[in-house]
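Bear in mind that the values in this text are calculations on the coordinates, not laboratory data. Quick caveat: nothing in here was measured; it's all calculated off a predicted structure. FYI the Cβ positions are ideal-geometry reconstructions off the backbone, even for glycines, and counts take in every protein chain you see.
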């Protein structure tokens, strides 16, 4: 896939309508009242891997009164990301906050506490309002719109009521610290964990997805240099096989081979561009 990607929050003009002004005022008030260090610590205690399926009660990431108005799924995603950018910039302007916390994590937490995230339940397959080629600056943005909830793990997954694990999404970053390789419609993905002695957590979820032929969303992380990364949604993939590789000092890692199943909605990255002004 081409490295062309859609742009989130470029250009001028923060507010698109009066609702944005009201919502941002609410968010700004929340920001001023929030102790940033407590926010980051609180988010670290939230476990994302507790969803259930198969008729059981599901734990979600909040409801969205803001989004109950007549908006399309795409418009909901755009609005949520625009609000994220507004809050992020407010936090980023505070030098003390930048030194002591993660503004992107805190912006996500504020939106969650205000019930202004979208697609808050775990989903197998495509996420409403997300298109192939959509680009994100932070994993926290992907969490806000339900593309990938896990901020610190490359594999997001759900656990069914019967204990079965299924991967919902992976973020395959590239760079000197990663061994993920994209080759056309194929992806060779390195499992999570430094010493992978057994199939656990996300690695086990990928194996179960292979056995169930369950699709997995793939987002590619481009290394832009200077510590910056751009995350671009690639579409749905299926896990075809996996194997174990021996590394130095007797360490082992699991390798997964995935192949693109479909492009989201059959759209090209150019047709799927997401433009947000903030």
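Results, tabulated for the structure shown:
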item	result
Modelled FRET efficiency - R0 35 Å, residue 261 with residue 92, Cβ distances, 0.05 increments	0.40
Taking 110, 192, 170 and counting other C-beta atoms within 10 Å, the order from fewest to most	192, 110, 170
Full-extension gain in nm, residue 249 to residue 162, via 0.36 nm per residue minus C-alpha separation	27.6 nm
